[in-house]
Amino acid sequence: MKTSLAEPFNEKALRQELKIDARALGIPAGAAESFIDATCKSVQKTLSDKSLITENDLKRSVYKELKKYHADLAYVYKNRDKII
Amino acid sequence: MLLVEMQPPLCYNQSMSIFASLGIIILSMIISLFLMLNPSIFANFLHYASGKYSRKKTDDLSLFFILGAETITVFIFFLTFMIISALPVSIITFKNPILLWIFTGIFFALGIVALCFYIQKNGQFFIPRKIATKIIAKPKFIKKRSDAFVFGLVSNLPELPFNLPLFCFCTVTALNISLSPFSCAGFIILYALITVLPLFAIRIFFKTGHTLADFLKFRLKNRSFLRFFLCSLYFLLAILLINLGIIA
């Protein structure tokens with residue numbers, strides 16, 4: 001029986017998802033790229049001292065960072081699972 | 001001499017006037033128009049498509065999604081119609097009080113479910129989370145028109161608990177006012193067209209520069225209104241049924 005559902009943090013998937021969201025929200029590609037970079041770096045830094053985090057922790061951390069750059073993108077990222 | 005007693009042919013009851021029946025059908029259509037699960041799935045799909053593909057391809061995929069939703073509605077409605085019209089007339093006539101009480105009970109129950117469970121506090125719908133997660137993630141893998149069409153077909157199914165009783169009720173009402181076969185087909189297609197109107201509205205909403213964030217904010221803001229509105233429409237339908245059918 002599977003006891004642990006832990007998996008390594010996939011930064012590439014996060015970047016991809018954020019890029020799609022940014023494009024859908026009409027954010028220029030260059031701007032989106034720069035603040036996705038900044039967000040990912042900051043999130044990595046925040047989470048580097050922890051060996052295990054929950055998905056919600058990660059989501060909260062990304063939301064907190066994204067909110068500094070683009071409120072709508074952060075909002076969509078945070079509420080993605082609440083659409084349905 | 002052989003005397004044969006002529007009995008009147010068994011026919012559907014006309015106790016509800018045509019106007020009352022049409023009014024009830026229109027009310028059912030309005031309820032279908034305000035069900036928000038399918039439009040939300042479509043909004044999520046449109047968001048992903050516009051983030052991944054060109055405008056032209058997004059338009060194309062969204063049209064096929066709508067076509068899928070329309071097709072499944074017509075198919076389910078026709079199926080309902082065929083099954084119900086195959087039942088004995090004595091069962092599906094409005095003279096049968098058991099039938100009226102069943103519909104009344106279902107509509108009261110749906111009203112309560114719409115009020116308490118249809119949309120939760122955080123904006124999530126009533127469907128199980130595992131299914132919802134799969135539906136949310138599905139648009140990532142949609143590349144072709146056929147995928148969009150099939151997704152449109154499937155996306156209508158989670159809302160069936162709210163839609164199917166309305167289909168059944170409209171079928172019974174249509175049979176009771178003795179619509180001709182052509183009128184029945186026209187009525188079903190019209191009903192299906194009305195149920196996909198919100199999808200066209202969302203398409204226009206996104207085309208006019210609005211985003212998924214705006215849609216989510218709008219839905220969360222009006223969540224309570226939607227719940228109460230749906231609940232009151234179902235209750236109204238049940239009360240009308242008692243008033244026009246059972247008491248009359």
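Among helices (runs of 4 or more DSSP H) entirely within the stretch B:68-148, having at least 2 residues that are within 14 Å of another protein chain (Cβ to nearest Cβ) singles out B:129-137. The residues listed here are B:F228, B:F205, B:F218, B:F235; of these, the one that is touching an Asp or Glu at 6+ places or on another chain (Cβ under 9 Å) and of a type in the set (F, W, Y) is B:F205.
Listed here are the residues, each with its yes/no results for (1) free of Cβ contacts under 8 Å to residues at least 40 places away in the same chain; (2) within 14 Å of another protein chain (Cβ to nearest Cβ).
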| position | (1), (2) |
| --- | --- |
| A:C40 | yes, no |
| A:D72 | no, yes |
| A:V76 | no, yes |
| A:I84 | yes, yes |
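Take the conditions within 12 Å of chain B (Cβ to nearest Cβ), within 17 Å of B:A137 (Cβ to Cβ) and of a type outside the set (K, R) and apply them to A:E55. Does it pass? Yes; evaluated as a whole, the condition is true for this residue.
Selection of first residues in the stretch B:40-66 that are within 11 Å of chain A (Cβ to nearest Cβ) and of second residues that are among the small types (G, A, S) and surrounded by fewer than 24 Cβ atoms within 10 Å (Cβ to Cβ), restricted to Cβ pairs under 6 Å at least 6 apart or on distinct chains, gives the following pairs, ordered by first then second residue: B:L46/B:S62; B:H47/A:A24; B:S50/A:A24; B:G51/A:A24. If you check A:I20, A:I27, A:I36 for being part of a helix (DSSP H, G or I), of a type outside the set (S, T, N, Q), within 14 Å of another protein chain (Cβ to nearest Cβ) and over 13 Å from A:V62 (Cβ atoms), only one passes: A:I20. Among the criteria (1) polar (S, T, N, Q); (2) more than 9 Å from the chain's Cα centre (by Cα); (3) under 30 Å from B:I131 (Cβ atoms), the one A:S42 does not fulfil is (3).
Take the conditions surrounded by 13 or more Cβ atoms within 10 Å (Cβ to Cβ), aliphatic (A, V, I, L, M) and within 21 Å of A:R80 (Cα to Cα) and apply them to A:L47. Does it pass? No: the conditions fail for A:L47.
Counting the residues of the stretch B:85-121 that are modelled with pLDDT of 90 or more, touching a Leu at 6+ places or on another chain (Cβ under 7 Å) and surrounded by fewer than 18 Cβ atoms within 10 Å (Cβ to Cβ) gives 0. Of the residues that make up the stretch B:189-207, is at least one modelled with pLDDT under 90 and farther than 19 Å from B:N38 by Cβ? Looking through the stretch B:189-207, none of the residues is modelled with pLDDT under 90 and farther than 19 Å from B:N38 by Cβ. Scanning the stretch B:150-188 for residues that are under 18 Å from B:L33 (Cα atoms) and polar (S, T, N, Q) yields B:S155, B:N156, B:N163, B:T171. Looking only at residues of the stretch B:196-248 that are outside any helix (DSSP H, G or I) and among the hydrophobic types (A, V, I, L, M, F, W, C), we find that the one that is nearest to the other protein chains (Cβ to nearest Cβ) is B:V196.
The values are calculated or read from the model by the stated rules, or taken from the named source; none is laboratory data. Everything numeric in this text was worked out from a predicted model, so none of it was measured. Cβ atoms come from the backbone with ideal geometry, glycine included; neighbour counts cover every protein chain shown.
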